[in-house]
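So the structure is just underneath, and the comments pick up after that.
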Number of protein chains: 2
Amino acid sequence: MTRSDLLLPSWREGSTRDALLNFLEASASLAPADRVATFDNDGTLWCERPAYLQFLFFVDALQRAADTDPSLRDRPEFAAVLSNDQAAIGELGLARVGMALNGLFAGLTPEAFSTAAREFVDRAVHPVLGLPARRTVYQPMLELIEALRGHGFAVFVVSGGGTEFVRAVSHDLYGVPPEGVVGTLVQHEMVRRADGGPELRRTNLLDGDANEGAAKVTRIQSHLGRRPVFAAGNSGGDREMLEWATAGEGPSMALVIDHDDDHREFAYQGRAESFVENESITEVAARLGWTVASMANDWTTVFPSAD
Amino acid sequence: MTRSDLLLPSWREGSTRDALLNFLEASASLAPADRVATFDNDGTLWCERPAYLQFLFFVDALQRAADTDPSLRDRPEFAAVLSNDQAAIGELGLARVGMALNGLFAGLTPEAFSTAAREFVDRAVHPVLGLPARRTVYQPMLELIEALRGHGFAVFVVSGGGTEFVRAVSHDLYGVPPEGVVGTLVQHEMVRRADGGPELRRTNLLDGDANEGAAKVTRIQSHLGRRPVFAAGNSGGDREMLEWATAGEGPSMALVIDHDDDHREFAYQGRAESFVENESITEVAARLGWTVASMANDWTTVFPSAD
C-alpha cells in the first residue's frame, strides 16, 4: 500500500484521481508560502441546487418576519419570493430581490447575524435530498482539502455567496477560519452605543462588486495577498479564478466539478459569464486543459455518512 | 521559576508586565476562536520616526526613477519630496503627495511590488538609529506576539500603511502571513496578457478609505471577520480599534505604546483624530483604563540584538 492509497478514498481510481495525486506530489517543489488553494463554495464544496442555502436562509427569515409583520407581504420583492413566483422574481431582477432580502438583516451586529445563520444551517433539511444541510457538503472535496493541507497548503474559500454567511459555518464544515473566507461583502458601519462604546452594524449596501468572475481574482489579492496554484470551481463565475491559478510558473491545477449526476445529486452545467460567450465551464476546461471531476464517474461517495 | 518568568523577558517587572501576564492568564477562559489579537504596525511593532519606512521606500523609488527620467523632478509633488520641502508638501497635501508617489508603482504586478519592497527593506538603514531596517522592530512586542500565540491567539497586523508593503515583510518580521495583514488598500485590476491569460496590475486608486480610525474596525470585520479581544496601537488612528477590542464581554485588553524614550528611540505623542479633539492617545488610555507601555520604563530592550 503506497501513501497515495490513503489519500482521496472517495475518488474512484482513474485519470482525475491520478491528476490530483500527481499535482499533490509535484507541489513538493513549491515554496511553502506558495502552496495556496482556493475553493468556490456553492456547487464546489456543497450542494447549490435547487437553491443556494443562503437564499433559503433569507427566505426563512422573510417568512418569520412576515409572520410578525404581515405588511411585509405587500412589498413586491417579498410577495414574489413568498409565492415562489419565478417570473415575478425575474422581472424584478435577482439583484433587487436579493438586496431586499438582505435588508431584513440590516442593523444586526456581526455576532447576531452569524448566530442566526448557524442556527438556520443547524436545522435546515435539503428540500429534495432530505439530508441535513450540514451533510450536503461533498465528501470527496473534504478529502481533497485534507490532502492539500497534508501537503502544506493553506486552504481558502472564495465564494460568490455572502462572506458573513459562509464564515458562520466555514470552520465547522471545512476547518477554514473566518479570515480565510472571501465572498460578496456587505458593508458594516461603526456606531456608538449610548455609553460611547463602539458597535458594528450590518448595512444594506454591498462593499464592491458581487464576488464573481474577475472580482474573485482582485479580491483574492486584496484580502489574501497570495496567488493560488490550485483552484476549484463549477461555474462561469469561477473561470477567472481558475485561469489565475494556472497562469503562473511552476506546478498548478484547476479543477472543475461537473454536475452530471442526476441520480445522487443534480445534473446541470455552469455557464461561463465572460470572455467567450455561451461556453460552459466544462467546455472552457476542455479548451484550457483543466481537470474535470465527473460527479457521476469520479466520486464513489457524494455526501458524508451520518456519523 | 514560574511559567511567567519565561514570558516577556524584555518587559521590566512592574504593573504593565503584570497587566499583560494577567490578561494572558485570563484569556484561558476564552473560546479558542475568540483569541484574536490585532497590532498596529508603524510605531507599535516597528519604528515610525523620523519617517514611515514605506515613505522612505517611495522616496527611494522616486530618486531612482528621477535618475532615469529627470523630467520627473519638475512635477510639484516630486520636487517637494526630492528637496524635502516640508512646507511645499504641506501645501500640496500629504494625500496628494502620497498618491503621486504611489503612482510610481502603478502597473506593477503584486509580485514585482513585493520584490521591490523586500529588496528595499533588506538594504535600508535607519537614518538616525543607524540600524538595519529589519532591526527597527520592537523586541518586547515580538515577545508579546510570541506569548499571545503560546496562549492560542491568532495574531493580525492592522496597519494604516499600505497592505502590500506590510505583507511583503510581515511573515519574516512577525510570522504573520499575507492574509493576516489588513491595511490601506490599493486597487488591482485584472488584465489579459497577449496569450489571453490573466494578470493583476497595481492601479493608482485606493480601495476604500485609508486604514485609520473607524476604518480599522470595519476592515477588521470585512477582511478578518473576527473581533479582537486584544489590540495594541500608539496613535489616534488606533483608537477605535482599541475601543472595539475592549467593548465586548469577557477578558480583553488595549495596550498603548507611549513613545517617551528620546534616548533609545524618539519621544512624541500620538494624537487622537476623532471623537474627542486634542486628546492624545495616552490621555484616552488614562480615561478609558487602558494599559500604557512606557518605552522608557517598561522595556529593558527596545530593538532585537544583531544575531
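Note down the relative contact order for the stretch A:53-123 as a percent, whole number, built from C-alpha pairs under 8 angstrom at least six residues apart.
32 percent
Given R₀ = 22 Å, FRET efficiency for residue B:306-residue B:128 by Cβ-Cβ distance, to 0.05?
With R0 = 22 Å, the Cβ-Cβ based efficiency is 0.75.
Compute a Gaussian network model of chain A, connecting alpha carbons closer than 10 Å, and tell me which residue from A:238, A:69, A:172 fluctuates the most.
Highest fluctuation among the options: A:69.
Could you give each residue of the stretch A:211-225 its phi-based ³J(HN,Hα) in whole Hz, using Karplus coefficients 6.51, -1.76, 1.60 with θ = phi - 60°, and x for Gly or Pro?
7, 9, x, 4, 4, 5, 6, 5, 6, 4, 5, 6, 8, 9, x
Could you tally the net charge around residue B:42, taking each other residue with its Cβ under 12 Å from the Cβ of residue B:42, Lys/Arg +1 and Asp/Glu -1?
Counting the neighbours of residue B:42, the net charge comes to -3.
Once the label point is placed 7 Å from Cα along Cβ, list for residue A:59 the distances to the corresponding points in the other copies, in nm, shortest first.
For residue A:59, the inter-copy label distances come out at 6.2 nm.
Could you give the C-alpha radius of gyration of the stretch B:53-123 expressed as a fraction of 2.2 N^0.38 Å, taking N as the number of residues it contains?
1.10
Within the stretch B:277-307, whose backbone N sits under 19 Å from a point 7 Å along Cα→Cβ of residue B:264?
B:292-307
List the longest stretch of chain A that has no exposed loop site; here a site is one of the GluC sites (Glu not before Pro) assigned by DSSP to anything other than H, G, I, E or B, with at most 13 other Cβ within 10 Å.
In chain A, the maximal stretch lacking such sites is A:14-248.
Rounded to the nearest 0.05, what FRET efficiency do residue A:297 and residue A:60 have when you use their Cβ-Cβ distance and R0 = 30 Å?
Approximately 0.30, to the nearest 0.05.
Using a label point 7 angstrom from Cα along Cα-to-C-beta, what distances in nm, from shortest up, separate residue A:123 from the other copies?
Ordered by distance, the counterparts are at 6.4 nm.
Hey, for residue A:250 with labels 7 Å out along Cα-Cβ, what do the inter-copy distances come to in nm, ordered shortest first?
The projected label point of residue A:250 is separated from its counterparts by 3.7 nm.
Can you list residues from other chains, or at least 5 along the same chain, whose modelled amide H is less than 5 Å from the amide H of residue A:299?
When sequence neighbours closer than 5 places are left aside, the close amide H contacts are A:12.
Can you give the helix-only mean residue ellipticity at 222 nm for chain A, where every DSSP H stretch with n ≥ 4 adds -39500 (n - 2.57) and the sum goes over all residues, rounded to the nearest 500 deg cm²/dmol?
-11000 deg cm²/dmol
State to the nearest 20 debye the size of the charge dipole of the stretch A:162-274 about its Cα centre, where the only charges are +1 on K and R beta carbons and -1 on D and E beta carbons.
Charge dipole of the stretch A:162-274: 480 debye, to the nearest 20.
Taking H as built 1.01 Å from N, whose amide H comes closer than 5 Å to the amide H of residue B:293, not counting residues under 5 places away?
B:256, B:257, B:258
Note the full-extension length gain between residue B:288 and residue B:26 as 0.36 nm times their separation in residues minus their Cα-Cα distance, in nm to one decimal.
92.4 nm
What does the net charge come to around residue B:110 if you take all other residues with beta carbon closer than 12 Å to its beta carbon, with K and R at +1 and D and E at -1?
Result for the local shell: +1.
Among A:90, A:107, A:237, whose mean-square fluctuation peaks in a Gaussian network model of chain A (Cα, cutoff 10 Å)?
In this elastic network of chain A, the residue with the biggest mean-square fluctuation among A:90, A:107, A:237 is A:90.
Partner chain Cβ atoms within 10 Å, averaged over the residues of A:216-222 - can you pull that number for me?
6
Please turn the phi angles of the stretch A:12-27 into ³J(HN,Hα) values with the Karplus equation 6.51 cos²θ - 1.76 cosθ + 1.60 (θ = phi - 60°), one per residue in order, whole Hz, x for glycine and proline.
Once θ is set to phi - 60°, the couplings for the stretch A:12-27 become 5, 4, x, 5, 5, 4, 4, 4, 5, 5, 5, 5, 4, 5, 5, 5 Hz.
Determine which residues of the stretch A:250-265 fall in the zone a paramagnetic label at residue A:94 would reach in this model, i.e. backbone nitrogen under 19 Å from the point 7 Å along Cα→Cβ.
A:257-260, by backbone N distance to the label point.
Given axes a ≥ b ≥ c from the Cα gyration tensor, I'd like to know whether chain B is rounded (a/c under 1.5), prolate (a/b larger than b/c) or oblate.
Note, shape of chain B comes out prolate.
For residue B:204 and residue B:51, calculate 0.36 nm times their separation in residues minus their Cα-Cα distance, and state this gained length in nm to one decimal.
The residue B:204-residue B:51 span can extend by a further 52.9 nm.
Residues of the stretch B:159-178 with amide nitrogen under 12 Å from the 7 Å Cα-to-Cβ point of residue B:149?
Taking a point 7 Å out along Cα→Cβ of residue B:149, the residues of the stretch B:159-178 whose backbone N falls under 12 Å are B:171-177.
Karplus couplings for the stretch B:239-250 from phi (6.51 cos²θ - 1.76 cosθ + 1.60, θ = phi - 60°), rounded to Hz, Gly and Pro as x?
Those phi angles translate into 4, 4, 4, 5, 4, 4, 5, 9, 8, x, 7, x Hz.
Where a number appears in this text, it was derived from the coordinates with a stated rule and is not lab data. If you're wondering where the values come from, they're calculated on a predicted model, not measured in any experiment. No Cβ is skipped: glycine too gets one built from the backbone with ideal geometry, and neighbour counts run over all protein chains shown.
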